[in-house]
Ligand SMILES: Nc1ncnc2c1ncn2[C@@H]1O[C@H](COP(=O)(O)OP(=O)(O)OP(=O)(O)O)[C@@H](O)[C@H]1O
Ligand SMILES: [Mg+2]
């Protein structure tokens, strides 16, 4: 039984993702000054707070992209902060998915190739990766756009393609940094509804960075980052 399937004495499921007193400075600029956080499997956590408070830095530390100067990051009970770069990149590839504010699609690739990318990087054959990628187009209302290049998509369409790319490898955790930040409010709501329904269906845990209360309302729970500090250790309940 894995650590996250285990339950402690109080019957609480073990967290899938944890930060314990994580601190990180960029040179003389302190970005994280003590983040304490725990998420249970399947939970959607909104990370809120003012610009520059450390939300993205916290997400990058949880995702094994940045390593905190001090403190611990754990995924499924395993220390991430002590892993080497190769092990962390394998962890990201095999267990995590990512969606960022501007989608960041590869302009030379078609929409379906962009979605297939994480599978191709994981070693899947081109035909298997493209088949799996295409399966996402209809549920995300993208049918017919498979062969378009990213410059030929609207902002909302590009962001849904980016969402499909974040989910195609069926990650255990989806890290989303302002996934609706570049969209108008109606399109943003559609993207959030699709993000929530797809991750609920897959049981994916979501770390959702946003400064919009409207977006955070889709989450099970929220944590506010202020001056690099965050405290939300009591793992929440997943909405049914
Ligand atoms: N690569 C970097 N080099 C130097 N300083 C950085 C770097 N990235 C972030 N910072 C600084 O760290 C602090 C936290 O930044 P972070 O990007 O985590 O904030 P944020 O809460 O995500 O803000 P926003 O809502 O504007 O995206 C800020 O003071 C920022 O200027
Ligand atoms: Mg940010």
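Quick notes on this structure:
- Panel order for 55, 229, by other beta carbons found within 10 Å of each beta carbon, from fewest to most: 229, 55.
- Mean residue ellipticity at 222 nm, helices only, the chain: -9000 deg cm²/dmol; runs of at least 4 DSSP H residues each add -39,500 (n - 2.57), and the sum is divided by the number of residues.
- Net length gained if the chain between residue 51 and residue 82 were fully extended (0.36 nm per residue, minus Cα distance): 8.3 nm
- Cα-based shape type of region 146-212, given that a ≥ b ≥ c are square roots of the gyration tensor eigenvalues and the cut on a/c is 1.5: oblate
- Beta bridges from DSSP with both residues in the chain: antiparallel share about 45 percent, rounded to the nearest 5.
- Taking the fewest neighbouring Cβ atoms within 10 Å as the starting point, the ordered list for 75, 26 is 26, 75.
- Global geometry of region 127-178, whether rounded, prolate or oblate, following the gyration tensor of its Cα atoms and the 1.5 cut on a/c: oblate
- Zero-based 10 Å bins, Cα pair distances in region 66-194, whole percents: 13, 41, 30, 15, 2
- Judged by the mean number of other Cβ atoms found within 10 Å, the most tightly packed of the peptides 222-228, 117-123 leads the ranking 222-228, 117-123.
- Across region 169-240, the mean sequence separation of Cα contacts (distance under 8 Å, 6 or more residues apart), normalised by length, yields a relative contact order of 32 percent.
- Value of relative contact order over region 17-232, rounded to a whole percent, pairs C-alpha under 8 Å and six or more apart: 33
- Each 10 Å bin, from zero up to the one with the longest distance, holds this percent of the alpha carbon pairs of the chain: 8, 32, 36, 20, 4, 0.
- Scoring 148-156, 191-199 by mean Cβ neighbours within 10 Å over their residues and listing the highest first yields 191-199, 148-156.
- Computed P(r) (all Cα pairs; region 1-122; 5 Å bins; percent): 2, 9, 17, 19, 19, 16, 10, 5, 1, 0, 0
- Segment residue 185-residue 25, length gained on full extension (0.36 nm per residue, minus Cα span): 54.2 nm
Read-outs throughout are calculated quantities, based only on the coordinates presented, and are distinct from any laboratory measurement. Because the structure is predicted, anything quoted here is derived from the model rather than measured. Neighbour counts run over all protein chains shown; Cβ positions are idealised from the backbone, glycine included.
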